[in-house]
1. I need the full set of residues from the range 112-127 which are in a helix (DSSP H, G or I) and either exposed (fewer than 15 other Cβ atoms within 10 Å of the Cβ) or out of contact with any strand residue (DSSP E or B) (no Cβ under 6 Å at 6 or more places or on another chain) (or both), in order please.
2. With (1) in contact with a strand residue (DSSP E or B) (Cβ under 8 Å, 6 or more places away or on another chain); (2) touching a residue at least 12 places away in the same chain (Cβ under 8 Å); (3) surrounded by fewer than 17 Cβ atoms within 10 Å (Cβ to Cβ) as the list, and residue 251 as the residue in question, which single condition is left unmet?
3. Residue 235 versus (1) exposed (fewer than 15 other Cβ atoms within 10 Å of the Cβ); (2) in contact with a helix residue (DSSP H, G or I) (Cβ under 9 Å, 6 or more places away or on another chain): which is the lone unmet condition?
4. Would you confirm whether any residue within the range 264-272 is closer than 22 Å to residue 70 by Cβ, touching a residue at least 24 places away in the same chain (Cβ under 8 Å), out of contact with any helix residue (DSSP H, G or I) (no Cβ under 9 Å at 6 or more places or on another chain) and surrounded by fewer than 21 Cβ atoms within 10 Å (Cβ to Cβ)?
5. When you go through 90, 109 one by one, which is the residue that is in a loop (DSSP other than H, G, I, E, B) and surrounded by fewer than 19 Cβ atoms within 10 Å (Cβ to Cβ)?
6. Applying the selection to the range 273-295, what residues are touching a strand residue (DSSP E or B) at 6+ places or on another chain (Cβ under 7 Å) and free of Cβ contacts under 8 Å to residues at least 12 places away in the same chain?
7. Going by what's in this entry, would residue 146 be described as part of a loop (DSSP other than H, G, I, E, B) and either more than 28 Å from residue 306 (Cα to Cα) or in contact (Cβ under 8 Å) with a residue 24 or more places away in the chain (or both)?
């Protein structure tokens with residue numbers, strides 16, 4: 001175990017964990033909601049610090065991140081555990097457990113392994129990285145000087161303190177799941193709340209982090225035209241038009257394995273709704289969708305990035321600008 005410094009004592013034997021928005025008050029010998037942050041003799045420890053259950057190369061597009069180092073490989077790493085209890089979790093074998101066989105990899109070893117590959121970045125992904133945020137922070141201190149970017153793939157429940165720490169260490173990109181736009185969905189399906197996620201998104205924007213959003217569309221749960229309109233109105237008002245938003249197809253999984261996969265027609269309709277609200281970069285994922293996978297210049301319509309699955313080619317960007325009209329591309333190349 002490793003000391004978890006995102007914490008503060010509240011009594012001789014109780015500690016508040018400050019890594020995520022739950023702010024669990026953890027008594028001696030107990031664990032937080034996530035099950036991996038434990039009070040031992042009045043000190044908070046991370047039980048899964050550096051304990052990796054997966055590590056390997058992925059296209060950055062798989063995260064999905066379309067505007068951060070497009071066309072490159074990222075070194076994806078995962079531990080176990082989560083601070084949500086999503087009934088539809090696509091990675092439930094990693095996230096909905098409190099312990100798994102894992103290999104200890106120090107931040108130094110991780111950066112060394114990543115730099116030995118073709119990766120241009122390290123992605124903390126698959127399970128929720130917030131619950132082992134100290135490991136992420138310790139890795140970022142080494143990754144930047146080694147020439148590696150970084151991506152934090154999150155449900156958005158990290159605390160303001162944690163997010164500011166990540167930003168101070170020059171986190172490259174944060175990709176936030178905006179799972180729905182009703183608090184009822186968050187409470188019933190995820191065991192969480194919507195407002196803290198919105199707070200995280202707003203703070204990420206304020207801090208100048210590269211931000212992308214993902215919404216997994218589940219028929220009958222978060223796909224109504226009215227809910228999507230409300231989400232898009234909030235997004236345009238608070239984030240502007242240029243934040244990439246990925247709307248992805250649901251596949252029955254975990255406790256929701258008897259639900260219906262998302263019809264293509266629903267994704268078509270949501271893509272058009274996003275366009276009608278003025279979003280520059282709506283995308284459709286987990287399904288072949290020609291219009292919803294390409295990046296076009298909002299000014300002149302030039303094809304900037306061509307994608308086929310997770311393979312990306314960049315015919316339309318020169319020195320960070322549209323090759324046709326010269327408009328600067330909102331992304332990190």
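1. Matches in the range 112-127: 112, 113, 115.
2. (1)
3. (1)
4. Yes, the conditions are met somewhere in the range 264-272.
5. On the way: 109 fails: in a loop (DSSP other than H, G, I, E, B).
The conditions single out 90.
6. 275 - this is the single residue of the range 273-295 that is touching a strand residue (DSSP E or B) at 6+ places or on another chain (Cβ under 7 Å) and free of Cβ contacts under 8 Å to residues at least 12 places away in the same chain.
7. yes
Every number here is computed from the coordinates shown, using simple stated rules; none is lab data. The structure presented is a predicted model; accordingly, all values stated were derived computationally and were not measured. All Cβ positions, even for glycine, are placed from backbone atoms using ideal geometry, and neighbour counts span all protein chains on display.
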